[in-house]
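Presented below is the structure to which this report refers.
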Amino acid sequence: MTIYLDNAATTFPKPEAVYRAVDKTLRRLGVNPGRGSYQLVLEAGRLVYGVRQTIAEFFNLNDPAGVVFTANATEAINLALFGLLQPGDRVVTTTMEHNAVSRPLHALATRGVEVLKVPVDATGRVTLAAIQQTATAGGVKARMVALSHCSNVTGTIQPIEEIGNWCRRQGILLLVDAAQSAGLLPIDMKNMGIALLAAPGHKSLLGPPGTGLLCLAEGVLPQPLLYGGTGGNSLSPSMPEELPERLECGTLNAPALAGLQAGIEHIRELGLEQVRRHKSALLEQLIYGLQTLPGVRIHGPGQARRQGGVVSFTVAERDPAEIGYLLDEEHGICVRTGLHCAPDAHGSIGTLPVGTIRVSPGLFNSAADIDTLLDALARMVKFVPNLTICKQNNEFQEG
Ligand code: ALA
């Protein structure tokens with residue numbers, strides 16, 4: 001039996017309704033929305049518009065046209081950053097970011113954008129005061145603040161509402177990477193002062209892979225990242241001005257978007273609070289159990305109510321990759337180990353170069369799954385295998 005505890009990478013399995021929606025759309029409505037004017041195409045267009053409406057309602061955005069579909073959150077973040085930042089602009093971020101934020105910012109820094117990284121505390125949390133100070137240092141005001149709502153390494157939840165309301169008063173754009181929070185924590189773009197919200201469809205929103213979105217508050221209009229066919233005004237050599245066509249070209253993945261809609265409906269039926277309660281209870285059980293194991297150290301807040309869907313830990317003198325390998329090989333338990341594409345975050349919490357063991361329970365995990373994991377770990381931390389650990393390259397060999 002497999003126990004999947006890597007829902008921060010992607011949620012698996014999906015609710016039955018998601019599989020059904022993808023299958024049904026691909027079979028019955030497998031035409032190209034927005035390309036042509038026959039009945040089936042119009043119906044597919046209405047389906048896609050309905051997904052935009054669902055997402056706009058879910059994140060409290062007035063205009064569904066401000067919901068732009070991308071292949072994943074990384075593409076949405078790239079679109080936001082490259083579409084709005086010019087040489088000479090200042091952007092403020094943190095030292096907890098995923099490469100989806102830090103790599104495009106690194107590329108932009110080589111093109112003359114000033115990128116300033118604000119440090120975090122030992123639990124990975126940033127303060128509004130630190131953001132304020134950096135965003136206005138030297139009398140220069142930042143154009144944008146870009147950070148994750150919730151760390152993919154430690155689960156740390158950032159004070160987005162405080163930061164967002166300050167940014168709005170200052171006329172600074174706030175870009176939130178909601179990869180680990182959309183579908184788990186409440187997100188209200190208006191009340192939280194979020195100008196741009198990037199999210200994957202395939203994580204806690206429960207949609208299929210290949211879905212992502214960028215939600216734009218009123219008046220926020222990035223330059224396109226991709227140029228091409230939009231299904232209308234074909235004589236113009238330029239991309240249309242209006243949203244979402246300005247930022248979407250090529251064929252949309254309508255079957256996957258139908259699946260995403262079914263995923264969000266599933267969350268709405270359960271209620272976001274119930275989703276959060278379920279995952280928090282599993283995290284609490286996990287944190288409590290880990291604290292009783294010798295040599296185990298939890299990285300991050302270490303309190304379920306202060307973190308999103310993940311717990312990261314290390315075991316003294318053991319390589320995280322080795323623990324992950326043994327969990328998989330001997331117990332059929334899937335967790336993610338290493339740096340989780342977030343080297344800055346590991347630098348901030350002191351877990352470079354080998355990273356951590358990260359556990360991320362999902363909607364379909366139970367307390368019994370966490371017990372099985374804790375039992376497996378308990379046996380493992382007592383037993384020291386005959387292995388030579390190569391910390392530099394994150395691999396291990398028979399010794
Ligand atoms: N960014 C995803 C993770 O943290 C893939 O695992």
**Item:** Translational diffusion of segment 175-232, µm² s⁻¹ [Kirkwood Rh, Cα pairs; Stokes-Einstein; 10 °C; 1.306 mPa s]
**Value:** 124
**Residue order for Y19, Y4 - accessible surface, 1.4 angstrom probe, largest first** = Y19, Y4
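Using just the helices of the chain, give the 222 nm mean residue ellipticity in deg cm²/dmol: DSSP H runs with n ≥ 4 each add -39,500 (n - 2.57), and the total is spread over all residues, rounded to 500.
For the chain, the value works out to -12000 deg cm²/dmol.
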**Request:** Starting from the Cα of R277, move 7 Å in the Cα-to-Cβ direction to define the label point; list residues of segment 289-309 whose amide nitrogen is under 19 Å from there.
**Result:** 304-309
**Message:** Within 11 Å, Cβ to Cβ, of P240, how many net charges do the neighbouring residues add up to if Lys/Arg are +1 and Asp/Glu are -1?
**Reply:** -3
**Asked** Among the lysines, which fall within straight-line cross-link reach of K141, defined as a Cα-Cα distance under 18 Å, with same-chain neighbours fewer than 8 residues apart omitted?
**Response** K117
**Request:** Could you rank M239, M1 by how accessible they are, 1.4 Å probe, largest area first?
**Result:** M1, M239
**Message:** Nearest 10 degrees is fine. How inclined is helix 39-58 to the longest principal axis of the chain, computing both from alpha carbons?
**Reply:** 60
**Request:** Any aspartates and glutamates with Cα under 16 Å of the K203 Cα? List them, leaving off those in the same chain fewer than 8 positions away.
**Result:** D6, E16, E75, D177, E265
**Prompt:** Could the peptides 36-42, 130-136, 366-372 be put in order, highest first, of the mean number of other beta-carbon atoms found within 10 Å of their residues?
**Reply:** 130-136, 366-372, 36-42
**Prompt:** Cα atoms only, segment 242-284: Rg and Dmax in Å?
**Reply:** 15.9, 46
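Determine, for each peptide in 23-30, 168-175, the mean count of other beta carbons within 10 angstrom over its residues, then list the peptides with the highest first.
Going from most to least packed, we get 168-175, 23-30.
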**Message:** Using the Cα centre of the chain as the reference point, and only Cβ charges (+1 on K/R, -1 on D/E), how large is the resulting charge dipole? Debye, rounded to the nearest 20.
**Reply:** 520
**Message:** Output needed for segment 1-145: three equivalent-ellipsoid semi-axes, defined as square roots of 5 times the C-alpha gyration tensor eigenvalues, in descending order, whole Å.
**Reply:** 38, 22, 14
**Request:** Take each of the peptides 107-113, 246-252, average the number of other beta-carbon atoms within 10 Å over its residues, and list them starting from the highest.
**Result:** 246-252, 107-113
**Message:** At 1.567 mPa s and 4 °C, plugging the Kirkwood radius over alpha-carbon pairs of segment 87-222 into Stokes-Einstein gives what diffusion coefficient in µm²/s?
**Reply:** 86
**Request:** When a/c is below 1.5 the answer is rounded, else prolate if a/b is larger than b/c, else oblate, so apply that to the chain with a ≥ b ≥ c taken from the square roots of the Cα gyration tensor eigenvalues.
**Result:** oblate
**Request:** Output ³J(HN,Hα) for segment 310-315: one whole-Hz value per residue in order, computed from phi by the Karplus curve 6.51 cos²θ - 1.76 cosθ + 1.60 with θ = phi - 60°, and x for Gly and Pro.
**Result:** 10, 10, 10, 8, 10, 10
**Message:** Taking the 0 to 90 degree range and rounding to the nearest ten, how far is the long axis of helix 320-331 tilted relative to the main principal axis of the chain, both from C-alpha atoms?
**Reply:** 80
**Asked** Using alpha-carbon positions, what is the distance between the centroids of segment 105-141 and segment 1-75, in Å?
**Response** 34
**Message:** Projecting each Cα onto the charge dipole of the chain (Lys/Arg +1, Asp/Glu -1 at the beta carbon, about the Cα centre), which of F59, V359, L286 comes out farthest on the positive side?
**Reply:** F59
**Asked** If you line up the long axis of helix 73-84 against the longest principal axis of the chain, both from Cα atoms, how many degrees apart are they, to the nearest 10?
**Response** 50
**Message:** Run the numbers for Q291 and E162: contour at 0.36 nm per residue of separation, minus the present Cα-Cα distance, in nm.
**Reply:** 43.3 nm
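Can you give the Rg/Rh ratio of segment 272-380, where Rg is from the C-alpha atoms and Rh is the Kirkwood radius?
Numbers: Rg = 13.2 Å, Rh = 14.1 Å.
Dividing the radius of gyration by the Kirkwood radius yields 0.94.
Taking each pair of different alpha-carbon atoms in segment 56-97 once, compute 1/r for the pair, average those values, and report the inverse of that mean as the Kirkwood hydrodynamic radius in Å to one decimal.
Hydrodynamic radius (Kirkwood, Cα pairs) of segment 56-97 is 12.6 Å.
The values are calculated or read from the model by the stated rules, or taken from the named source; none is laboratory data. Because the structure is predicted, anything quoted here is derived from the model rather than measured. Because the Cβ atoms are built from the backbone with ideal geometry, glycine has one as well, and the counts that use them run over all protein chains shown. To get the accessible areas, we keep the full protein, side chains included, count just its heavy atoms, and leave off ligands, DNA and RNA. Shrake-Rupley method; radii C 1.70, N 1.55, O 1.52, S 1.80 Å.
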